[in-house]
């Protein structure tokens, strides 16, 4: 009887609870943002995630032509017959529409970064957070704000004024409106000014258990990004102040002598910077301001994100030539998805420029397959269309070879995102824009002195040489294969002139349909269509 009474009571409780509306309430076990960020370990994990996400800006193996989007159809490169597809609207501009995949990815990667950073910023600035000191909070806040500014500066360069978010999304939002470019610029400047003031010196960034420097954010990264943003905003005096501070800090030096793991082998000191194992500051690269470090995923879980395709895009497809074998000295397996423009190959470099040495721009091959004795050791002749794909001249900066992975689908190599060589170039641009031609020539000559063994009788420039075009030319000589060339030309509003004037004589995939419309990318159509509760306006011309 007692058991029967207990059963009735239990049934009544269950029935009563099942009749309550709360029984049907959903209990989500995931959300757009973490439930809590309230201790240093949680914030540290979230900050590390920003670097992982940054690597996705450069890695997209599903669309292997992604690196080409930022180079072809400009002044420096053309797509080859081995193009992958996503890059086509970026030389045949008539095909660039709001449904473009590259524009959509650019928008997505940057807004994902913004939401990730807002999660950290909102958490660290919460008045209820007391477990972390004021100085500790400021450092965390500064690191997150650097990356938020990085994302918004990318968006401003590519799209102009865009929606501003400073609070992490916790659910769908369908009422975005575009802020003005001035409003976006203010956010970028505010975030970077805070980052400059609160990020650590490059000698004080976090170390691992072996005492080696991580590639974590430092104040000089924020200074360089702030200077670039000021140049985009046409505030060259403010840009110059940031750049001069980097140079006068004494923390960085231009590479002028051999160093690193292959210093005893054939090569030169400029080439040494781009050898995996030499790229980081701790490895001897005194120019390094920001190096996004990558590791072999076979030994470090999560060492790379996706499979970076830079080597396959930038290198020539020499393995298609009979008598050529894949090797370390030839840079591993590449597919020649882009080719340097005729202007770069034939007209850019002066005699004696180390940046055009055989170690930095490969123009010739020697048959290296010992199983083909009739050709082994002989020069590979240029024949037919080989110069457009299989043995086309190319930068060696993305060479990387793993004998355990000769197919080389992935590239395990660090991304040098900021270095002192570019600091001098940005400084020269800022000085030119203020009419300081002598000072701009001095900044350019800092690079010329290390690039020409016969300097100053060979290579030195004067104030009479300095124009914006000359500075942009020098950026190619110094930064080919490193800089996002499209974004540089969009930022300086020179894309149409330079691509039309310097890259109109390609043998394949000529630049066509380019107009001032393309100084900005189209706002992705799916973003406009999903934004049902407000109008997200399209850029003019699209």
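The values are calculated or read from the model by the stated rules, or taken from the named source; none is laboratory data. Because the structure is predicted, anything quoted here is derived from the model rather than measured. When we count neighbours, we look across all protein chains shown, and the Cβ atoms used for this are built from the backbone with ideal geometry, even at glycine.
Here are a few things to note about the model shown:
- Some residue of the range 204-222 being outside any loop (DSSP other than H, G, I, E, B), modelled with pLDDT under 95 and surrounded by fewer than 17 Cβ atoms within 10 Å (Cβ to Cβ): yes
- For the residues 99, 106, the requirement of being in contact with a helix residue (DSSP H, G or I) (Cβ under 7 Å, 6 or more places away or on another chain) and part of a loop (DSSP other than H, G, I, E, B) singles out 99.
- Residues in the range 376-408 that are touching a helix residue (DSSP H, G or I) at 6+ places or on another chain (Cβ under 8 Å) and either within 30 Å of residue 303 (Cα to Cα) or outside any loop (DSSP other than H, G, I, E, B) (or both): 394, 395, 396, 397, 398, 399, 400, 408.
- Residue within the range 85-95 that is under 23 Å from the mean Cα position of the chain (by Cα), at pLDDT below 95 and surrounded by fewer than 21 Cβ atoms within 10 Å (Cβ to Cβ) present: yes
Residue-wise test of (1) within 30 Å of residue 410 (Cα to Cα); (2) in contact (Cβ under 8 Å) with a residue 12 or more places away in the chain; (3) surrounded by 15 or more Cβ atoms within 10 Å (Cβ to Cβ).
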{"site": "227", "(1), (2), (3)": "no, yes, yes"}
{"site": "234", "(1), (2), (3)": "no, yes, no"}
{"site": "242", "(1), (2), (3)": "no, yes, yes"}
{"site": "267", "(1), (2), (3)": "yes, yes, yes"}
{"site": "273", "(1), (2), (3)": "yes, yes, yes"}
{"site": "276", "(1), (2), (3)": "yes, yes, yes"}
{"site": "281", "(1), (2), (3)": "yes, yes, yes"}
{"site": "288", "(1), (2), (3)": "yes, yes, yes"}
{"site": "293", "(1), (2), (3)": "yes, yes, yes"}
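- Among residues of the range 409-423, those that are in a helix (DSSP H, G or I) and closer than 16 Å to residue 336 by Cβ, counted: 0
- Of residues in the range 149-189 being modelled with pLDDT of 95 or more, loosely packed, with under 14 Cβ neighbours inside 10 Å and closer than 20 Å to residue 124 by Cβ, the one farthest from the chain's Cα centre (by Cα): 167
- Residue 311 under 28 Å from residue 254 (Cα atoms), at pLDDT 95 or above, in contact with a helix residue (DSSP H, G or I) (Cβ under 7 Å, 6 or more places away or on another chain) and part of a helix (DSSP H, G or I): no
- Apart from one condition, residue 426 fits all of (1) at pLDDT 95 or above; (2) assigned to a loop (DSSP other than H, G, I, E, B); the exception is (2).
- Identification of helices (runs of 4 or more DSSP H) wholly contained in the range 450-542 with 2 or more residues that are without any contact (Cβ under 8 Å) to a residue 24 or more places away in the chain and out of contact with any strand residue (DSSP E or B) (no Cβ under 7 Å at 6 or more places or on another chain) yields 495-502.
- Within the range 112-147, tally of residues that are part of a helix (DSSP H, G or I) and either loosely packed, with under 15 Cβ neighbours inside 10 Å or touching a strand residue (DSSP E or B) at 6+ places or on another chain (Cβ under 6 Å) (or both): 4
- Filter pass, residue 485 being crowded, with 22+ Cβ neighbours inside 10 Å and out of contact with any helix residue (DSSP H, G or I) (no Cβ under 7 Å at 6 or more places or on another chain): yes
- Subset tally (residues that are surrounded by 13 or more Cβ atoms within 10 Å (Cβ to Cβ) and at positive phi) for the range 351-399: 1
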